[in-house]
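Enquirer: Take this structure, written in structure tokens, and hold onto it; I'll ask about it next.
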Amino acid sequence: MVTIRISRKAFVLFLLVVAVVVASVGVAAWSTSGSGTAYAKAQTASSLTLADASAATTADLYPGATGSVKLKVTNPNPFPIRITSVAKQATAITSDKGAACNASTGVTFTDQSGLSLDLAAGATQTFTLAGAVGMSNASDNSCQGAVFSLPVDVTGASNA
Amino acid sequence: MRVLAITMLAALLVAPTAGAVWSRGGLGGGGARAKTLGTGAVPTGAASGKKVTVAWTASTFVEGGNAPGYVVRRYNAATGVLQSIGAACSGTLTGLSCTESNVPSGTWQYTVTPAAAVWRGREGGKGAAVTVA
């Protein structure tokens, strides 16, 4: 084992250099002008918002089948973003058919990663995640024609 | 000096997360829709001894695409009472015909209902009466 001795001043200087480099990478993802600091830019980025996408859905689910999910996303930020992943929250999937269907929708969402869904600054757009949802044979008869709400987390980064 | 070092370490931990925008969508975050099964076809029936072969055409979902299965029922043609159906025609069938064996003597009518697991469509009309001697 090799031990390298450095002075406290050298160690702090090293940390300073590394921190500046890493923070600069963080800024680059957000800034179009290159100005500002990592903290300032990160704090001004607003979360994406999701709206009801039921009107855009296509009826393609039945027991044993897979289907698509519609996501209506708004980017409130003054810069374009790229959505890279969509993951289901712990909250249960529900339907517009009431308790009997909700008790056994049979619907499962497969978390999506490696996506490249681009959204312009300030824009609202509806995306389709093909094959992201499936329905098992456990789906209750009352689920026919149902519109399902899938609580998800969307993750993206600036795409400036 | 120590405070400065701690500050730098904090910056190291926080900076890599600066590129992510996340959102908790809440209910309604994503949407998907299910199909609806349509109505069964009116079947034909042909008796041969104690066997009756029932055949029907494919049913579809209201939104398109064939139903994956069917349920066949047999009724007493005179009383309209639902009967127990033989094994080869019971349960959910994936084909478009079945042959019921050991059918009791009498006059019967068959119906077909589209099915997908426990989903059921609308039962179709009764086919022409079939007499088993």
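Bear in mind these aren't lab numbers, they're just calculated from the coordinates by the rules spelled out. Predicted, not measured: the structure shown is a model, and the values here were computed from it. Neighbour counts are summed over all protein chains in view; Cβ atoms, including those assigned to glycine, are modelled from backbone coordinates with ideal geometry.
Enquirer: Starting from the amide H of A:V107, placed 1.01 Å from N in the peptide plane, find each other amide H under 5 Å away whose residue is 5 or more places distant or on another chain.
Expert: Residues meeting the criterion, in which the H sits 1.01 Å from N, are A:S136.
Enquirer: Right, next: Within 10 Å of each candidate Cβ there may be at most 14 other Cβ atoms; applying that plus a DSSP loop requirement, which GluC sites (Glu not before Pro) in the range B:25-133 survive?
Expert: Taking the range B:25-133 and a limit of 14 other Cβ atoms within 10 Å, the loop GluC sites (Glu not before Pro) found are B:E123.
Enquirer: Please compute P(r) over all alpha-carbon pairs of the range A:43-160, binned at 10 Å starting from zero, and give each bin as a whole-number percent.
Expert: Each 10 Å bin holds this share of Cα pairs: 14, 43, 28, 12, 2.
Enquirer: Around A:D153, which amide H atoms from residues at least 5 apart in sequence, or from another chain, sit under 5 Å from its own amide H, with H modelled in the peptide plane?
Expert: A:A87, A:K88, A:Q89, B:G25
Enquirer: May I have the pair-distance distribution P(r) for the range B:44-132, computed from all Cα-Cα distances with 5 Å bins from 0 and rounded to whole percent?
Expert: For the range B:44-132, the pair-distance distribution reads 3, 15, 27, 26, 16, 9, 4, 1, 0.
Enquirer: A further question follows. Net charge near A:A65, counting Lys/Arg +1 and Asp/Glu -1 over other residues with Cβ under 15 Å of its Cβ?
Expert: 0
Enquirer: So, R0 is 45 Å and r is the distance between the beta-carbons of A:T91 and B:A58; what FRET efficiency does that work out to, to 0.05?
Expert: On the way: r = 39 Å, r/R0 = 0.86.
Efficiency computed from Cβ-Cβ geometry: 0.70.
Enquirer: Can I ask one more? Can you pull the mean other chain C-beta count within 10 Å for peptide A:103-115? Present the calculation step by step, with values, prior to reporting the outcome.
Expert: Details: counts 0, 1, 2, 4, 2, 0, 2, 0, 0, 0, 0, 0, 0.
Neighbouring Cβ atoms belonging to other protein chains average 1 per residue here.
Enquirer: Give the long-range amide H neighbours of A:F127: residues separated by 5 or more places, or on another chain, with amide H under 5 Å away, using H modelled in the peptide plane at 1.01 Å from N.
Expert: Under 5 Å from the amide H of A:F127: A:L71, A:K72, A:V73.
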